[in-house]
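The values are calculated or read from the model by the stated rules, or taken from the named source; none is laboratory data. Remember, predicted model here, so these are calculated numbers, not experimental data. With ideal geometry, Cβ positions are generated from the backbone for all residues, glycine too; neighbour counts draw on all protein chains shown.
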Amino acid sequence: MNVLNKMYDACQLKRKQVAVLIDPDKIEVNKVSGLIKKAEEIGVSYIFIGGSLLLKNQVDAICIEIKKGSDIPVVLFPGNLSQLSPYTDATLFLSLVSGRNAEFLIGQHVVSAPLLKQMKQEVIPTAYVLIDGGRQTSVSYMSNTTPIPADKTDIAASTALAGEMLGMKMVYLEAGSGAQNPVTEKMISRVKQQLSVPLIVGGGIRSAKKATAAFEAGADIIVVGTAIENDVQFLEELKGVIASQNTLKLPNSS
Ligand code: 1GP
């Protein structure tokens, strides 16, 4: 399976997709299969795995557990290179282009590139753009980078465009896990206008209304983590969002 092709195909067909983020420190391996079953039922397109730290060394075990009962693509969304796993389908090769910390722009990549090559991993070069979500998040603290202010849409759009021009295949607009405020619709729409590559949006999406707003503003894929960690029933709300976003809209339908 080529995960990037799946993302591009969906984007071209204007099919909106949801990724569920699993923080490997916040789930027990024996709870994984129940979550994945539910995610598959409601039409989740990807499972992202990653977090800012790795307190429990169980990324491989979680991936293996997912693969036992599901074909849903597992995509590593690494906070750092300690999270690399040969059991994922693809790895987001994130360059934190909104920051000016060389370690997260290129440093970790140099160390992880040969390992990813040995793992024969699909690698998806991704421009990671951190936006201020109303309070300091782990990603901002751990990466030692300053997020782009939430109202500076031109800076974010130019940053995302630079990422695309550098050859990155996706842009990930991120308010940070557990953000107080998700990325604003104005920001998503402004960034989307600049891009021809797919746009992922995540951080602080905790209601169907916010998920819908992100899609309507231009997100191709949204990522939801905390809301599902807090209550797995949130997946049911996302089911309605996925269905309504992907219902064929006829030209004259209201
Ligand atoms: C974090 O965008 C993801 O990188 C998910 O954020 O945990 O706030 O849903 P939440």
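Brief remarks follow.
- For the stretch 1-13, a residue qualifies if it is exposed (fewer than 11 other Cβ atoms within 10 Å of the Cβ), at pLDDT 95 or above and assigned to a loop (DSSP other than H, G, I, E, B), and exactly one does: 13.
- Residue count for the stretch 62-81, restricted to those that are away from the ligand (no atom under 16 Å from the Cβ), closer than 25 Å to residue 173 by Cα and not in a helix (DSSP H, G or I): 2
- Qualifying residue in the stretch 26-42 (condition: closer than 24 Å to residue 237 by Cβ, within 17 Å of the chain's Cα centre (by Cα), away from the ligand (no atom under 13 Å from the Cβ) and not charged (D, E, K, R)): yes
- Hey, residue 194 touching a Lys or Arg at 6+ places or on another chain (Cβ under 9 Å) and modelled with pLDDT of 95 or more or not: no
- The condition (being touching a strand residue (DSSP E or B) at 6+ places or on another chain (Cβ under 9 Å), hydrophobic (A, V, I, L, M, F, W, C) and within 22 Å of residue 228 (Cβ to Cβ)) is satisfied by just one residue among 166, 173: 173.
- Checked against (1) touching a Phe, Trp or Tyr at 6+ places or on another chain (Cβ under 7 Å); (2) surrounded by 21 or more Cβ atoms within 10 Å (Cβ to Cβ), residue 64 passes all but condition (2).
- Of everything in the stretch 43-61 that is more than 16 Å from the chain's Cα centre (by Cα) and within 16 Å of the ligand (Cβ to nearest atom), the residue that is nearest to residue 143 (Cα to Cα) is 53.
- Only one of the listed residues (82, 112, 98) is surrounded by fewer than 21 Cβ atoms within 10 Å (Cβ to Cβ) and of a type in the set (S, T, N, Q). That residue is 82.
- Those residues of the stretch 130-175 which are assigned to a loop (DSSP other than H, G, I, E, B), over 18 Å from residue 206 (Cβ atoms) and small (Gly, Ala, Ser), in sequence order: 167
- Among the criteria (1) over 23 Å from residue 129 (Cα atoms); (2) in contact with a Cys (Cβ under 8 Å, 6 or more places away or on another chain); (3) of a type outside the set (Asp, Glu), the one residue 57 does not fulfil is (2).
- Scanning the stretch 14-59 for residues that are of a type in the set (A, V, I, L, M), part of a loop (DSSP other than H, G, I, E, B) and touching a helix residue (DSSP H, G or I) at 6+ places or on another chain (Cβ under 8 Å) gives 27, 44, 53, 54.
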